[in-house]
Amino acid sequence: MFPWSDVVSPTDLAAFARPPAPLEGPMRAGRAPALLIVDMTRMFVDGAYPSGCAPASAGAVKANAQLLQCAREAKLPVFFTKAYADPLHEPTDAEKGLWKHGRLDVPGLPPGDVIIEELAPAPGETIVCKGSKPSAFFGTPLAAMLIALGVDTLIVTGISTSGCVRATALDGFQHNFHVVIPHEATADRCAVSHKVNLFDLHMKYAHVATTEAALAYMREQAKR
């Protein structure tokens with residue numbers, strides 16, 4: 001059962017049934033994966049913030065914790081993204097760009113641009129600060145760091161599916177990395193956007209898998 005099965009019509013599915021028929025194909029991935037956890041910060045996980053994806057984010061937190069533990073045990077590279085190095089940073093108008101939303105912090109709550117405690121980076125794991133842009137690649141050294149480590153596959157997780165996860169997955173594809181997306185490890189404020197974007201990514205740019213399949217793949221690569 002794919003996560004989009006209840007929103008994508010049989011007619012639309014049939015449009016992808018012709019060869020090469022990507023819907024049911026095997027996972028396309030390399031032999032040197034890295035885990036890339038996108039924006040699992042307070043402002044996107046916690047429903048008290050305007051950009052929070054609760055309650056959908058609860059499942060994503062659990063799935064990301066499983067993937068993170070597995071990556072650490074397998075000694076695979078781990079990357080996280082957030083906006084700025086300083087969670088109290090006040091971006092200039094130039095840094096903000098053309099986003100339609102305003103401030104994502106809420107008076108009286110802790111700074112939102114902080115990776116949640118359940119997924120706190122460990123020493124030796126890399127935090128990519130991508131400013132106010134959705135993609136982890138745009139204006140950052142991420143591609144160069146992945147190349148330096150010999151990575152050929154990105155396991156992309158996080159929030160939001162239709163925003164920063166999609167932008168990162170697309171840029172990963174455009175840099176010729178295999179992209180695997182464990183769908184339980186992603187979340188979005190809008191369920192329809194979440195499901196349709198996973199479908200679109202799976203049809204074109206990435207392989208959308210279960211968390212269990214991604215865990216099995218990571219463990220298998222660790223044995224090589």
In whole Å, largest first, the alpha carbons of the stretch 82-144 cover along the principal axes 32, 29, 15
Take every Cα pair under 8 Å in the chain that's 6+ residues apart, average their separations, divide by the length, and report that relative contact order as a whole percent.
28
Simple SL model, points at 7 angstrom along Cα→Cβ for residue 133 and residue 193; separation in nm is 2.1
For 80, 2, ascending order of other Cβ atoms within 10 Å (fewest first) is 2, 80
Find the lysine pairs in the stretch 1-142 meeting two conditions, Cα atoms under 25 Å apart and a separation of 8 or more places or different chains, and report how many there are.
12
What is the diffusion coefficient of the chain in µm²/s, taking the Kirkwood radius over Cα pairs and the Stokes-Einstein relation at 37 °C with a viscosity of 0.692 mPa s?
185
Taking every eigenvalue of the Cα gyration tensor of the stretch 1-66, multiplying by 5 and rooting it, what semi-axes result, largest first, whole Å?
30, 20, 9
Most mobile of 156, 61, 196 in a GNM of the chain (Cα contacts under 10 Å):
196
Difference of contour (0.36 nm per residue) and Cα-Cα distance, residue 85 to residue 98
2.6 nm
Give the whole-number value, in cubic angstrom per residue, of the convex hull volume spanned by the C-alpha atoms of the stretch 139-216.
84
For residue 127, distant residues with modelled amide H under 5 Å away
80
Of the candidates 145, 43, 203, which one comes out as most mobile in a Gaussian network treatment of the chain with C-alpha springs shorter than 10 Å?
145
Student exercise, the chain dipole from Lys, Arg, Asp, Glu Cβ charges, in Debye to nearest 20
480
Ascending count of other beta-carbon atoms within 10 Å, so fewest first, for 128, 8
128, 8
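With a Förster radius of 30 Å, plug the Cβ-Cβ distance of residue 72 and residue 144 into 1/(1 + (r/R0)^6) and report the FRET value to the nearest 0.05.
Values: r = 23 Å, r/R0 = 0.77.
Efficiency computed from Cβ-Cβ geometry: 0.80.
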Exposure proxy ranking, count of Cβ atoms within 10 Å, fewest first, for 202, 175, 194:
175, 202, 194
Note the angle between two axes, namely the Cα long axis of helix 191-204 and the longest principal axis of the Cα atoms of the chain, as a number of degrees from 0 to 90, rounded to the nearest 10.
50
Can you compute the radius of gyration and Dmax for the stretch 34-131, using only the Cα atoms, both in Å?
14.0, 42
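Each value in this text was obtained by applying a stated rule to the coordinates, not by laboratory testing. Small disclaimer: the values here were computed from a predicted structure and weren't measured. Counting neighbours? That spans all protein chains shown, and the Cβs are built from the backbone with ideal geometry, glycine included.
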